[in-house]
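What follows is one structure encoded as structure tokens, with my remarks underneath.
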Amino acid sequence: MMAAVAWRSLLPVIMISIFMVYEEWVSFPSCKLLPSTTYSPDKHVENVDDSLEDLKVMMVANLLLLGSEAGFVNLYFRDYYMSKFFKKSFQSLNPDMLLVLGDVSAKGSELSRTKWLSVLDQFDNMLGPFLDLPLHVILGDRDVGECSGLCANSVTWIARNFPGLDSSGCGAFEISNISFVSLNAVALLCGNNKLRFDVEKVIERESVGRQMEIEGMDEANNGFGMFSEMSNDFRWRVNAMKSGSGPVLLLHFPLYRSGKTHIWEGSTFKSIIDPSGKVPASAQREGFSGTGPYDLSQTVPPNATEYIFHALKPRIIFSAHTQEFSDHTHPDGTREVTIPAMTWKVRDDPGFIVATFQRNKSAVSVTYCSVARESRILIAYSSALVLFLFFIVVSNTLEPKGLS
């Protein structure tokens with residue numbers, strides 16, 4: 001009898017200990033280095049400071065935070081675990097920087113500024129130790145809305161709350177000799193919109209600046225006034241830069257696609273070709289909520305895509321929006337990696353990527369990381385509850401009756 005009583009008293013302690021161990025184990029990401037989808041001879045980069053180390057950048061997207069509108073399940077279960085995933089990813093991967101590729105908010109375009117502030121507080125709490133690292137956030141369609149309701153003042157206010165963004169929602173920075181340019185891709189979908197023109201100015205400024213660095217001030221100035229023919233409202237300045245010699249490009253929407261795309265299916269890295277130029281239909285999941293202002297297959301229009309390639313000659317491109325991972329090779333050989341959603345709100349198996357920029361080579365290695373499935377954690381909770389109740393029933397059944 002004494003043994004049964006002791007066992008019953010220890011049961012809660014045992015169950016809590018098991019849960020704590022399980023939570024620690026399940027919170028670490030599972031990562032896999034992906035094969036390169038483009039030919040890269042690993043050319044040595046000249047004039048590199050040998051004291052610089054490789055730059056490791058963690059990239060996430062589509063956090064879809066609800067702020068003060070978050071319900072009990074989102075606040076105390078989903079967002080709680082996402083915070084743990086960020087913390088354990090920081091501990092295990094030791095990144096140098098964090099990039100968030102849009103859709104921080106689930107419905108930011110509908111929120112008042114007061115409610116937006118609650119989203120920003122939730123965002124800071126979720127990132128935890130990442131707040132001590134260099135951080136760059138770009139704007140997504142859920143953050144600012146679609147073209148018909150795109151407000152420059154609203155975009156400017158939201159952009160000011162994230163480091164490194166200008167009033168149009170664009171940014172440019174350099175870290176460890178690696179240049180990054182982020183664009184407000186939502187504005188590129190608009191027609192005669194002030195924000196779109198502001199984004200074009202950013203593209204032109206970055207293009208001319210890089211030509212001045214590469215070709216020399218005099219040659220760049222001589223060509224400053226030279227434009228090619230008009231193409232769908234985009235004025236194309238003559239650009240002699242080589243393909244792939246430009247900055248790392250960050251956008252929320254993927255660029256228009258033609259060529260080969262690799263997607264992640266289960267544990268398989270699968271190659272597909274979709275001539276439509278949009279995100280492959282096989283990469284869109286059923287059974288999860290809403291797409292937001294734009295369909296998940298939305299891309300930057302073909303004319304804007306061509307203009308970006310012509311002006312910036314990006315080294316590599318990172319995009320988001322689709323909620324799925326994909327690794328695409330554009331016709332000129334430029335690689336575009338699309339970041340999956342980092343939330344259980346839209347997929348059972350959230351994930352992120354880690355890009356490592358090698359200091360003395362042009363290649364960029366990409367590691368795909370997945371975190372625990374929501375379904376498996378719910379099964380674990382349910383199983384533990386059933387097991388706990390079973391032990392209670394059994395112990396009560398085996399407990400000897402007192403003498404009458």
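Of the residues making up the stretch 141-172, those that are surrounded by fewer than 16 Cβ atoms within 10 Å (Cβ to Cβ), over 19 Å from Phe197 (Cβ atoms) and not polar (S, T, N, Q) are Trp157, Arg160, Pro163. Of the residues examined, Ala187 is one that is in contact with a Lys or Arg (Cβ under 8 Å, 6 or more places away or on another chain) and not β-branched (Val, Ile, Thr). Summed over the stretch 325-335, residues that are crowded, with 23+ Cβ neighbours inside 10 Å and among the charged types (D, E, K, R) total 1. For Val386, the test of being free of Cβ contacts under 8 Å to residues at least 24 places away in the same chain and farther than 30 Å from Met241 by Cβ is passed.
Being among the polar types (S, T, N, Q), open to solvent by less than 40 Å² (accessible area, probe 1.4 Å) and under 14 Å from the mean Cα position of the chain (by Cα) is not true of Asn74.
With respect to (1) modelled with pLDDT under 75; (2) more than 30 Å from Leu251 (Cα to Cα), the lone exception for Asp49 is condition (2).
Arg142 passes every criterion in (1) more than 19 Å from the chain's Cα centre (by Cα); (2) in contact (Cβ under 8 Å) with a residue 40 or more places away in the chain apart from (1). I'm trying to understand the selection: among the residues of the stretch 355-375, which are out of contact with any helix residue (DSSP H, G or I) (no Cβ under 6 Å at 6 or more places or on another chain), aliphatic (A, V, I, L, M) and modelled with pLDDT of 90 or more? Ala355, Val364, Val366, listed by residue number. Considering every residue within the stretch 134-154, establish whether at least one is more than 21 Å from His321 (Cα to Cα) and touching a strand residue (DSSP E or B) at 6+ places or on another chain (Cβ under 9 Å). Within the stretch 134-154, one or more residues are more than 21 Å from His321 (Cα to Cα) and touching a strand residue (DSSP E or B) at 6+ places or on another chain (Cβ under 9 Å).
Just one of the listed residues (Leu387, Leu403, Leu378) is at pLDDT below 85, surrounded by 10 or more Cβ atoms within 10 Å (Cβ to Cβ) and of a type outside the set (D, E, K, R), and it is Leu387. Scoring Asn192 on the criteria (1) open to solvent by 40 Å² or more (accessible area, probe 1.4 Å); (2) under 13 Å from Leu312 (Cβ atoms) leaves a single failure, condition (2). Could you figure out which of (1) modelled with pLDDT under 75; (2) open to solvent by less than 50 Å² (accessible area, probe 1.4 Å); (3) assigned to a loop (DSSP other than H, G, I, E, B) isn't true of Met15? Unmet for Met15, out of (1) modelled with pLDDT under 75; (2) open to solvent by less than 50 Å² (accessible area, probe 1.4 Å); (3) assigned to a loop (DSSP other than H, G, I, E, B): (3). Criterion applied to Glu336, Glu306, Glu324 was being part of a loop (DSSP other than H, G, I, E, B) and either over 29 Å from Val181 (Cα atoms) or in contact with a Phe, Trp or Tyr (Cβ under 9 Å, 6 or more places away or on another chain) (or both), and the one residue passing it is Glu324. Counting only residues that are of a type in the set (Gly, Ala, Ser), outside any loop (DSSP other than H, G, I, E, B) and more than 15 Å from Ser89 (Cα to Cα), the stretch 340-398 holds 7 of them.
Residues that are of a type in the set (A, V, I, L, M, F, W, C) and open to solvent by 30 Å² or more (accessible area, probe 1.4 Å) within the stretch 112-133 comprise Leu117, Leu131, Leu133, listed in sequence order.
The values are calculated or read from the model by the stated rules, or taken from the named source; none is laboratory data. In this text the structure is predicted, and so the values were computed from the model without any measurement. Note: ideal-geometry Cβ built from the backbone for every residue, glycine included; neighbour counts use all protein chains shown. What goes into the accessible areas is simple: the full protein's heavy atoms, side chains included, and nothing from ligands, DNA or RNA. Shrake-Rupley method; radii C 1.70, N 1.55, O 1.52, S 1.80 Å.
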